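Participant: Let me begin by handing over the structure; questions about it come next.
The values are calculated or read from the model by the stated rules, or taken from the named source; none is laboratory data. Because the structure is predicted, anything quoted here is derived from the model rather than measured. Methodologically, a virtual Cβ is constructed for each residue, glycine included, from the backbone with ideal geometry; neighbour enumeration extends over all protein chains shown. For the accessible areas, the whole protein counts, side chains as well, though only heavy atoms, and no ligand, DNA or RNA atoms are used. Shrake-Rupley method; radii C 1.70, N 1.55, O 1.52, S 1.80 Å.
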There are 2 protein chains.
Amino acid sequence: MVDFESLIAHHAAWLDGSGPESGVVLSSRIRLARNVHEFPFVHRASKKSGEAVYAMVRDEALKSQQCAPAFSADMDELSPLDRRILVERHLISPDFERAAWKRGVIASTDEHLSVMINEEDHLRLQAMVSGFDTGRAWEILNKLDTDLSGRLAYAFSEKYGFLTACPTNVGTGIRVSALIHLPALVITKDIDETLKGITQIGLSVRGFYGEGTEVLGNLFQISNHTTLGKTEEEIIQTINSAIAQLIRFEKRACETLLKDAKAHIEDKIWRAYGILNNARLLTSNEFMSLSSALRMGIMLGIITNISFTSLNQLMILVQPAHLQKFLKHEMEAGERDFFRANIVREHLSMSKKGNA
Amino acid sequence: MVDFESLIAHHAAWLDGSGPESGVVLSSRIRLARNVHEFPFVHRASKKSGEAVYAMVRDEALKSQQCAPAFSADMDELSPLDRRILVERHLISPDFERAAWKRGVIASTDEHLSVMINEEDHLRLQAMVSGFDTGRAWEILNKLDTDLSGRLAYAFSEKYGFLTACPTNVGTGIRVSALIHLPALVITKDIDETLKGITQIGLSVRGFYGEGTEVLGNLFQISNHTTLGKTEEEIIQTINSAIAQLIRFEKRACETLLKDAKAHIEDKIWRAYGILNNARLLTSNEFMSLSSALRMGIMLGIITNISFTSLNQLMILVQPAHLQKFLKHEMEAGERDFFRANIVREHLSMSKKGNA
């Protein structure tokens, strides 16, 4: 079982701001969809079959050295609040949180690797790493996948590749994505044109929490949706080129802004700094929007006493379930806004002292 | 002649925050309208007659010990920017700034007392003091008036009292006003009802720069408009009762807000603090609005490291003409917003060090 108090007290490695280009690319993520041979897919499985897959996959994943030390969490044994904590940490999907059948997650304690069991597929293996580093994500995920493929008989077709519940995942079963911060392109209004280019080369653009979620704080998830007819390496290469181009575009937009609207940009950044350090009430959305301006300020070298790491940690900590778990009681939205503002002030103040 | 560089470098005594109730009432002001016997009123005077009155009044006012040490300024010899400086310091009226005939001002160097010569009347004597202290204003103004009445033959009728260009000033020629900060009544939306009560007892409500000007930063000027049929003391007493009542209403509204909406009020105050200490661009109007919230914070004991004095001084310093004089060059509004934000940050930061 998971000790949620200690889970929320430590910070996930994939948000530690240490990876390449982590000023623009917060994290790189790869997931693989896998199913166990001769067991019906999750949506067609009987209760008994689902439970059998769950137990088998959980035991084998926990045995794997690749994600050790690991913790496991059976969704049925968790409170709604604890399930929400896992969504907020990006260890499980919102669909997985709400599903009605036997399911659970295994994750390495540093949260680099996780395995959702009985999501849409029997296995959803995920690697998340800091910065623009799909190579490292693929390296650790591939090792886990190879290890598990020796322990479990994957459903595989010579013709199609890995078989999956949804045809869009058939073949490699891979989805590669990056969480990328593009405030300058939003301000210069070049974002729509830029993202149109991204979708035209067959990639998807989503919000912070994945499919169907709102874009908050100028954070975009860029991912592939083709999984068939290309190797994993080719798919990763396509995403890499797109991300590299987005980074160039964003940096160019930053230069334009500093040339044409320096005072306005600095004003926006310092106001965000002033409000985050002083407000007594902060909604999630306002936090995301102000922290986007602050992140841009760190990126441009304007804010020097706060780190990307601090901001990334805060982004997780101030979400509703984390706040309630942290303060050990359920809260209405208004009360959360009060405690969110408190935590932001304390965290930024500690961050500044740490940098002083 | 006035040395404007040294004028703007020192702070007017009437804004030093030292007077009674100066958290709510920034200043008390009394002016007297007087004319010289047997000279036509300003609007009917020939050029020669106007110049004669000007020279005579200026010489006598400068001789008076009541406003010594004094400086004098002939409007014709001032640049438009310097005239604007005098308006921003409330030493002359906007109408006086723009008039086309011979006119000028004498003021004590601490700016407690001033005499506009050839405004609407030959003399407009003014006393401005810190806080809610019409008694002190009347005391120093009365001495100056008595002194001048011995040097100049005032136009006076046994039946009507002092004769003035506009009938609304006939009699005592007195106008008593107070600059009062009512943010809590604005937030609780009780302000309209409250001010309606004020006008019903025969008083006027105006903005920061007097007649016809906008209310900025929740600062209201309350003044009498009756000057006939009552003694100066009765008129002052009427204003005093109204101001005392407004102070009680404002304090009660503060208590209500702290009881019913503490977090929202504290949030508003701390955000203003954060923005004023960090913004890189500030318009006049935004400064007035944010400094109103900060003033409320000092009043409520929430902000303890900034003084009313500092805020009052800033209110004068960041006005357009002061900014341009201070920085020694003409500026577009956008450039002024930049320098205004700089001066606000520096001034607040010095104020905080001074309090530390």
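Participant: Using helices alone, I'd like the mean residue ellipticity at 222 nm for chain A: each DSSP H run of four-plus residues gives -39500 (n - 2.57), total over residue count, nearest 500.
Facilitator: -15500 deg cm²/dmol
Participant: Compute the relative contact order of chain A as a whole-number percentage, counting only Cα pairs closer than 8 Å that sit 6 or more residues apart in sequence.
Facilitator: Relative CO of chain A lands at 20 percent.
Participant: Which positions within segment B:275-322 get 30 Å² or more of their accessible surface covered by the other protein chains, compared to the chain by itself, with a 1.4 angstrom probe?
Facilitator: B:Ile275, B:Asn278, B:Arg280, B:Leu281
Participant: Are there any GluC sites (Glu not before Pro) in segment A:182-264 that are in a DSSP loop and have at most 13 other Cβ atoms within 10 Å? List them by number.
Facilitator: Listed in order of number, the matching sites are A:Glu211, A:Glu214.
Participant: Give the angle, between 0 and 90 degrees and rounded to the nearest 10, that separates the Cα long axis of helix B:191-200 from the longest principal axis of the Cα atoms of chain B.
Facilitator: 20
Participant: Let me check something: with ligands and nucleic acids excluded, how do A:Val186, A:Val344, A:Val170 order by accessible area (1.4 Å probe), largest to smallest?
Facilitator: Sorted descending by solvent-accessible area, the residues read A:Val186, A:Val170, A:Val344.
Participant: Please give, to one decimal in nm, the separation of the simple spin-label points placed at A:Ala99 and B:His10, each 7 Å out from Cα toward the Cβ.
Facilitator: 8.0
Participant: Find every distance from the label point of A:Glu51 to the corresponding label point in the other copies (7 Å from Cα along Cα→Cβ) and write them in nm, one decimal, shortest first.
Facilitator: Sorted ascending, the copy-to-copy spacings read 11.1 nm.
Participant: On the accessible surface of segment A:262-354, probed at 1.4 Å, how many percent belong to carbon and sulfur atoms?
Facilitator: That fraction is 54 percent.
Participant: Related question: Ignoring ligands, DNA and RNA, how do A:Ser130, A:Ser46 rank by accessible area with a 1.4 Å probe, largest first?
Facilitator: A:Ser46, A:Ser130
Participant: Okay, next question. With every protein chain left in place and a probe of 1.4 Å, what is the accessible surface of A:Thr238, to the nearest 10 Å²?
Facilitator: A:Thr238 exposes around 40 Å² with every protein chain in place.
Participant: I'd like to check one number: the per residue accessible area of the protein assembly as shown, probe 1.4 Å, reported in Å² as a whole number.
Facilitator: 42
Participant: What pairs from A:Lys328/B:Lys189; A:Lys268/A:Lys328; A:Lys352/B:Lys268 go past 31 Å between their alpha carbons?
Facilitator: A:Lys328/B:Lys189; A:Lys268/A:Lys328, as the Cα separations exceed 31 Å there.
Participant: Could you tell me which residue in chain A puts its beta carbon nearest the axis mapping A onto B, with the distance rounded to whole Å?
Facilitator: A:Gly274, 2
Participant: Where a Cα-Cα gap under 18 Å defines reach, which lysines qualify for B:Lys230, not counting those fewer than 8 residues away within the same chain?
Facilitator: B:Lys159
Participant: Another question, if that's okay. Compute, for B:Asp192, the solvent-accessible surface of its heavy atoms (probe 1.4 Å) with the complete set of protein chains present, and express it in square angstrom to the nearest 10.
Facilitator: Surface accessible to solvent at B:Asp192 totals approximately 120 Å².
Participant: Can you compute 3J(HN,Hα) from phi for each residue in segment B:243-248, using the Karplus curve 6.51 cos²θ - 1.76 cosθ + 1.60 with θ = phi - 60°, rounded to whole Hz and x for Gly and Pro?
Facilitator: Computed from phi, the couplings for segment B:243-248 are 5, 4, 5, 4, 4, 4 Hz.
Participant: A further question follows. Can you list the distances in nanometres, one decimal and ascending, from the B:Asn142 label point to the identical position in each other copy, with the point 7 Å along Cα to Cβ?
Facilitator: Distances to the matching label points in the other copies: 9.6 nm.
Participant: Report, by chain and number, residues whose modeled amide H sits under 5 Å from the one on A:Gly207, excluding near sequence neighbours (fewer than 5 apart, same chain).
Facilitator: Here A:Gly212, A:Thr213, A:Gln221 satisfy the definition.
Participant: How much solvent-accessible surface does B:Lys102 expose, in Å² to the nearest 10, with a 1.4 Å probe and all protein chains in place?
Facilitator: Around 50 Å² of this residue is reachable by solvent.
Participant: Quick one: which residues, 5+ away or cross-chain, put their amide H under 5 Å from the amide H of A:Ile92? H built at 1.01 Å from N.
Facilitator: Amide H neighbours of A:Ile92: A:Val87.
Participant: Same structure again: Counting other Cβ atoms within 10 Å of each Cβ, which GluC sites (Glu not before Pro) in segment A:93-156 have at most 12 and sit in a DSSP loop?
Facilitator: Passing both the DSSP loop test and the Cβ count: no residue.
Participant: Treating the point 7 Å from Cα along Cα-beta-carbon as the label, what are the nm separations from A:Lys352 to the other copies, to one decimal?
Facilitator: So the distances to the same position in the other copies read 0.6 nm.
Participant: For chain B, find the longest principal axis of its Cα atoms and tell me its angle to the long axis of helix B:308-317, 0 to 90°, nearest 10.
Facilitator: Relative to chain B, helix B:308-317 is tipped by roughly 60 degrees.
Participant: State, in angstrom, two size descriptors of segment B:111-238 derived from its alpha carbons: Rg to one decimal place and Dmax to the nearest whole number.
Facilitator: 15.8, 51
Participant: What Kirkwood radius, in Å to one decimal, follows from the Cα pairs of segment A:4-247?
Facilitator: It is 18.3 Å.
Participant: Here's another thing I want to ask about it. Could you give me the ³J(HN,Hα) list for segment A:218-228, computed from phi with Karplus coefficients 6.51, -1.76, 1.60 and θ = phi - 60°, whole Hz, x at Gly and Pro?
Facilitator: 6, 9, 10, 9, 9, 8, 7, 10, 8, 10, 10
Participant: Using alpha carbons only, how many degrees (0 to 90, rounded to 10) separate the axis of helix B:333-355 from the longest principal axis of chain B?
Facilitator: Compared with the principal axis, the helix lies near 70 degrees.
Participant: Now for a different question. Compute a Gaussian network model of chain A, connecting alpha carbons closer than 10 Å, and tell me which residue from A:Ala127, A:Ala293, A:Ala45 fluctuates the most.
Facilitator: In the Gaussian network model the winner is A:Ala45.
Participant: With the calculation restricted to Cα positions, what are the radius of gyration and Dmax of the protein assembly as shown in angstrom?
Facilitator: Considering the protein assembly as shown through its Cα atoms, Rg and Dmax are 35.5, 117 Å.
Participant: In debye, nearest 20: dipole of the protein assembly as shown around its Cα centre with unit charges on the Cβ of K, R (+) and D, E (-)?
Facilitator: 0
Participant: Apply the Karplus parameterisation 6.51 cos²θ - 1.76 cosθ + 1.60, with θ equal to phi minus 60°, to every residue of segment A:133-146 and state each ³J(HN,Hα) to the nearest whole Hz, in sequence, with x for glycine and proline.
Facilitator: The phi angles translate into 8, 4, x, 5, 4, 5, 4, 6, 6, 4, 5, 5, 4, 4 Hz.
Participant: On a straight-distance basis, which lysines could pair with A:Lys47 in a cross-link, Cα separation under 28 angstrom, same-chain partners fewer than 8 positions away excluded?
Facilitator: A:Lys63, A:Lys102
Participant: Between B:Lys328 and A:Glu193, what is the label-to-label distance in nm when each label sits 7 Å out along the Cα-to-Cβ direction?
Facilitator: Between B:Lys328 and A:Glu193, the label points sit 4.5 nm apart.
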